[in-house]
Amino acid sequence: MIQVIDNNFAIQTKNTTYAFRVLATGQLEHLYYGAKITLRNAGDFEALCEQYAMAPGNTVAYDKEHDLSLENIRLELSSYGKGDIREPYVDITYPDGSRTSDFIFEEAHVLTEKYMYETLPCSYDDGTFAKMPTQSLKVVLKDRCHDVRVELYYSNFLETDVITRQTVLINGTGDEIVINRIMSNQLDFEDSGYVFSSFNGAWAREMNRKDTLLKGGRIVSSSVTGTSSNRANPFVMISKSSTDEDRGDCYGFNLVYSGNHYECMEIGAFEKTRFVQGINPDTFEYTVKPGESFEAPEAVMTFSDRGFNGMSHSMHTFVREHIVRGQWKHEVRPVLINSWEACYFDVTERKLLNLARKAKDVGIELFVLDDGWFGSRNDDTTSLGDWSANPSKLPNGLEGLSHKINSMGLKFGIWVEPEMVNEKSNLYKRHPEWVLRNPDTPHSVGRNQMLLDLGQQVVQDYVIDSMSEVFSAGKISYVKWDMNRIISDFFSQDENIGPGEVAHKYVLGLYHVMKTLTEKFPGILFEGCSSGGNRFDLGILSFFPQIWASDNTDPICRAVIQNGLSYGYPQSVIGAHVSASPNHQTLRRTPLDTRFNVASMGLLGYELNLGDLPSEELKAIKDEIALYKSLRDVLQFGDLYRGRNFDEGEYTEWTIVSNDSTKAVTILIQNQARANMPTRKVYIKGLDYAKEYTLRNVEQKFNLRDFGDLVNNISPVHIKQNSFMYNTLDRIKKLDGEKERITGYGDAFAKAGVFLKQGFAGVGFNENVAYFQDYCSRMYITESK
């Protein structure tokens, strides 16, 4: 519900309220955002308003008639020049050279449907999820001295407790204006003492949660890579220091955008906190011609007083129901195998078919051909842009290979990197002017490649045409769309694209390409990728229903990465693979069951050479996949609850609960074992407190080799490690792991937890002791009786 009462406004969701009003001076004053409150008349709003008598010392009074300072007022939209010296929402250079803006209220009305952008992706409501349709509140502000308007659209997604905010700037003057800065969200708090949580990292180290208690000044999380980036994801949180996973106030913020972004939390002179989010003003300077408009990326926000898990559930449901779209929105995703770590660039049809046969034998459903299949692509120095199959590698082309893969009962998928070009390519020789670079200066490359200038319409058309040809070659069911470098030279060889417009117009061009192709090929499952998680954002998810989370498949690293992603993104959009041990990124050795358990908390795939594995390991993979398929609905679309994590101790703990609360799957992962700490416990959150459940573990067997020469304590004869006898016994004799069968009520499992069989502590091993050493994990299945 949206309320408009005498220039007071409230956006209500199921459990939250967002309120603001029009000041006597015409600006919008923010009043409240938090747990739902009752507002029935103007008097109810009045109780939320700060009372002002005169401007504080050493501040600027707004005008002669109003002795108040905008620096001490919580605003919905701020700018420089009228006294507010905090982070501005908008900064415009007008034809006369002035940069003072003063946007005041002109009109407002409620739209019965969700407002939709023309140039950018945004959230939507197709009426299939919530009983009450999403509404949008349109508020129009006009600059007091210039014919420039800002339209703000607030939309309420009632059942998800999410509010979105959209901004459109319209140039009504007869001259060009330049936008130096335009944000998408601004939230002013009445106090300070908040924790700012950002998710930072690098290639192979994405989404590490970083918490900063801000006591003064400002903190910024941002990207200037041309992408949403692995350095700083656009999803951030603001909370009180006492907030934990299940208790306390928490705000979550995100941006439907895939380019340079900026998140800043600042404490002003009067200890009020301001948060802004939007396009990064660095590298941005955008000219708006007379009569034209500019759309800022849509901002997404939610509030929960049920801790980080409560906030995440709102975000997860919102992403599933109002960001992801198309045929795959609610479809379970297939188990795939990707050829990359099995073949790298050494691709041949024979190799691929052998890998596909092994994949089919273990129950895999989709075969994905990664890099190395086109042009003269034997390494990363050549052929990007030349999207024709290499006849020496694929003598029958993609069509012939896909037919052979399909005949095995597997779907076929392909890897592409359409936004890139190598200098050693036919495309670059023909069209060097299509590349983002200044032809008069030396150019920097990343991974030996350059970016195509997607701001140019002719380049967009080429990508659409070339990819249409690839996607039509054979029966392609899946596409992995990669982007393996960041933008360095923000320079277009198209004279109509200014340096400050390059980054944003690149993103607009990308969205046009993705929209066109996904509409042309609606049955293809697209997965976004950008050197792993370098472009994991809501903009990409508006076109592609899933994203590859990281090129790092080490399960211990992935536990951190996927845990970080889970704060803002549901597991149904997170690509995760089981790879070889030792891992190709860290050389760490980890058990197969841990690699599987971590990957099953996302969209399960495999990325290793199945042909090199012993029969015992292949059987284990076959059993894992069968188990995953039996739990797939819950694992992909259930509600995820975080428990402990590696930042707090030796465990990471996740539980995913079915929508009807009849089944839960819990993963407990140990980083490094501690000596003589046998007590083990797990908490099963999200269950129906009134129901009785039975918990069981997925049973495992262990090798004698895992116990080293301790086997001599139970062997009647001495067995030398790595001897023939030792290795023979290791092959034929397996030790049974512990069995858990525990019954209890949902409230007890969630609040008190469940004590498990003790862990190995150096004093003996039997059926009542768990082998739970470095990098071990367990999967527990809890079902109602």
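Annotations
- Area accessible to solvent at Asp44, 1.4 Å probe radius, in Å²: 50
- Averaging the sequence gap over all C-alpha pairs within less than 8 Å and six or more residues apart, then dividing by the number of residues, gives the range 247-289 a relative contact order of 32 percent.
- Cα-based Rg and Dmax for the range 412-512, where Dmax is the largest Cα-Cα distance (Å): 13.9, 44
- Based on C-alpha pairs under 8 angstrom that are at least 6 apart in sequence, the range 1-118 has a relative contact order of 18 percent.
- Short-range pairs are left out: with C-alpha atoms under 8 Å and at least six residues apart, the relative contact order of the chain is 9 percent.
- Alpha-carbon radius of gyration plus Dmax, which is the widest Cα pair, for the range 155-294 in Å: 16.7, 54
- The Cα center of the range 349-373 and the Cα center of the range 704-758 differ in position by 34 Å.
- Pairs from Lys515/Lys663; Lys411/Lys733; Lys751/Lys785; Lys289/Lys515 whose Cα-Cα separation, in the structure shown, is over 30 Å: Lys515/Lys663; Lys411/Lys733
- Electrostatic bookkeeping for Asn484 treats Lys and Arg as +1 and Asp and Glu as -1; over the other residues with beta carbon under 11 Å from its beta carbon, the sum is -3.
- Of the three principal axes defined by the Cα atoms of the chain, the extents in descending order read 99, 66, 44 Å.
- Once backbone amide H atoms are built at 1.01 Å from N, Glu113 has Ser136 as its partners under 5 Å, excluding neighbours fewer than 5 places away on the same chain.
- Selected from Ala47, Ala673, Phe157, residue furthest toward positive end of dipole (the chain; charges at beta carbon): Ala673
- Residue order by solvent-accessible surface for Glu349, Glu65 is Glu65, Glu349, largest first, with ligands and nucleic acids left out and a 1.4 Å probe.
- Ranked by the mean number of other Cβ atoms within 10 Å of their residues, highest first, the peptides 732-742, 223-233 come out as 223-233, 732-742.
- Apportionment of accessible area to carbon and sulfur, the chain, percent (1.4 Å): 48
- Between the range 140-218 and the range 258-287, the C-alpha centres lie 7 angstrom from each other.
- Once backbone amide H atoms are built at 1.01 Å from N, Gln758 has Ala770 as its partners under 5 Å, excluding neighbours fewer than 5 places away on the same chain.
- Ordering Leu604, Leu28, Gly310 by Cα displacement along the dipole of the chain toward the positive end leaves Leu604 in first place; charges were set at the Cβ atoms of Lys, Arg (+1) and Asp, Glu (-1).
- Our coupling estimate for the range 762-767, obtained by passing each phi through the Karplus curve with A = 6.51, B = -1.76, C = 1.60 and θ = phi - 60°, is x, 10, x, 9, 8, 5 Hz, Gly and Pro reported as x.
- Ranked packing of 316-326, 354-364, 424-434, most packed first, by mean Cβ within 10 Å: 316-326, 354-364, 424-434
- Sequence-ordered 3J(HN,Hα) estimates for the range 145-155 from the Karplus curve with 6.51, -1.76 and 1.60 and θ = phi - 60° stand at 10, 9, 7, 10, 10, 10, 9, 9, 10, 9, 10 Hz, glycine and proline given as x.
- Note on the range 248-389: dipole from Cβ charges, positive end direction compared against His261, Ala299, Gly372; the farthest Cα belongs to Gly372.
- Three-way shape label, the range 572-690, alpha-carbon gyration tensor, a/c 1.5: oblate
- Each residue of the range 116-127 was assigned a 3J(HN,Hα) from its phi angle through the Karplus curve 6.51 cos²θ - 1.76 cosθ + 1.60 (θ = phi - 60°); the sequence is 10, 6, 9, 10, 10, x, 8, 5, 8, 9, 8, x Hz, with glycine and proline shown as x.
- Accessible heavy-atom area order of Ser444, Ser339, highest first, probe of 1.4 Å: Ser444, Ser339
- Placed amide H near Gln546: partners under 5 Å, 5+ positions off or other chain: Gly528
- Taking 19 Å as the straight-line reach from the Cα of Lys215, the lysines in range (excluding those fewer than 8 positions away in the same chain) are Lys240, Lys272.
- Highest mean first, the peptides 9-20, 532-543 sorted by other C-beta atoms within 10 Å per residue fall in the order 532-543, 9-20.
- 1.4 Å probe accessible area per residue over the chain, in Å²: 38
- Rolling a 1.4 Å probe across all protein chains gives Arg447 an accessible area of roughly 80 Å².
The values are calculated or read from the model by the stated rules, or taken from the named source; none is laboratory data. Note that the coordinates shown come from a computational prediction; the quantities given were computed from them, not determined experimentally. In this analysis, Cβ positions are derived from the backbone assuming ideal geometry, glycine residues included, and neighbour counts consider all displayed protein chains. These accessible areas exclude ligands, DNA and RNA; they are computed on the full protein's heavy atoms, side chains included. Shrake-Rupley method; radii C 1.70, N 1.55, O 1.52, S 1.80 Å.
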